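Contents: one structure, followed by commentary.
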Amino acid sequence: MLTKKQHQLLLFIRDRMARDGVAPSFDEMKEALKLRSKSGIHRLIMALEERGFLRRLPHRARALEVVKVPEGMGGSAGVSGGPSGTPKGNFTPNVITGNFSGAMPGASVKSASTQDTIDLPLYGKIAAGTPIEALRNPSDHVGVPGALLGAGDHYALTVEGDSMIDAGIHDGDTIIIKRCESADNGAIVVALVDNEEATLKRLRRKGETVALEPANKLYETRIFGPDRVRVQGKLVGLLRRY
């Protein structure tokens with residue numbers, strides 16, 4: 001699932017390459033998506049690469065390849081600077097701001113024996129890569145052995161991406177999260193960045209600096225100021241189908 005900006009950028013790149021035979025520059029992408037800096041474009045391109053929609057060709061300037069587009073994605077980018085010149089209104093992503101606090105219910109567990117199965121809400125996908133927006137309303141439920149849960153409020157998420165693969169967390173895994181607002185240094189957490197995007201990463205703190213660290217050497221650790229990251233829960237279990 002792509003965020004709205006990722007969707008817009010992918011369409012814009014595809015349409016400009018079809019028209020000009022070359023990818024647009026970062027400045028052109030920034031202007032088209034009305035972003036303030038090229039770093040935002042860099043993050044979007046990284047996210048599209050991680051999800052297999054774009055490929056950057058080495059040793060060539062402005063060398064991008066559109067590998068695929070989501071099913072049913074047609075038309076033009078719907079951003080200023082695209083070939084159509086007018087926005088499209090038919091893109092309605094089923095995503096919301098990735099804030100897991102407050103209204104999002106989970107399953108509260110006071111005590112559970114190892115024989116119990118607890119029914120947890122499954123809240124869509126969480127990025128183990130560049131942050132994506134996260135679903136709030138449960139798309140499904142999943143039965144979890146009571147042995148995986150302690151006391152507290154829990155929910156489940158589906159992992160998308162491979163940036164935590166060296167921690168044994170793979171694309172498509174179902175992870176069990178205990179809701180909390182703080183975690184020990186080195187814990188794997190659901191982190192909310194800038195009150196907009198949720199991601200699964202290892203938490204590192206040094207002074208007032210917060211780092212969200214991947215478990216894959218192909219991805220970069222992202223550094224934030226103290227007010228930009230909020231912990232929404234910590235990883236307590238994982239389910240995988242073979």
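The values are calculated or read from the model by the stated rules, or taken from the named source; none is laboratory data. This structure is a prediction, so every number in the text was calculated from the model and none was measured. So basically every Cβ, Gly included, is an ideal-geometry build from the backbone, and we count neighbours across all protein chains shown. The area values use the complete protein model at the heavy-atom level, side chains included, leaving out ligands, DNA and RNA. Shrake-Rupley method; radii C 1.70, N 1.55, O 1.52, S 1.80 Å.
Please specify each residue of region 147-203 satisfying the condition of being part of a strand (DSSP E or B) and either open to solvent by 50 Å² or more (accessible area, probe 1.4 Å) or without any contact (Cβ under 8 Å) to a residue 12 or more places away in the chain (or both). Even if it seems obvious, please write down each step before you answer.
At the first step, the residues of region 147-203 found to be part of a strand (DSSP E or B) are 152-160, 174-178, 188-193, 197-203.
Result: Lys178, Glu197, Arg202.
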* Just for region 204-242: of the residues that are of a type in the set (Ser, Thr, Tyr) and touching a residue at least 12 places away in the same chain (Cβ under 8 Å), which one is farthest from Val144 (Cα to Cα)? -> Thr209
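Among the candidates Arg222, Arg228, Arg179, single out the residue that is under 26 Å from Ile118 (Cα atoms) and basic (Lys, Arg). It would help to see each step written out before you state the result.
Details: Arg222 fails: under 26 Å from Ile118 (Cα atoms); Arg228 fails: under 26 Å from Ile118 (Cα atoms).
Exactly one of Arg222, Arg228, Arg179 is under 26 Å from Ile118 (Cα atoms) and basic (Lys, Arg), namely Arg179.
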* Asked: What number of residues in region 209-234 are buried (at least 19 other Cβ atoms within 10 Å of the Cβ) and assigned to a loop (DSSP other than H, G, I, E, B)?
  -> 2
* Asked: Yes or no: Gly143 among the small types (Gly, Ala, Ser) and either in a loop (DSSP other than H, G, I, E, B) or touching a residue at least 60 places away in the same chain (Cβ under 8 Å) (or both)?
  -> no
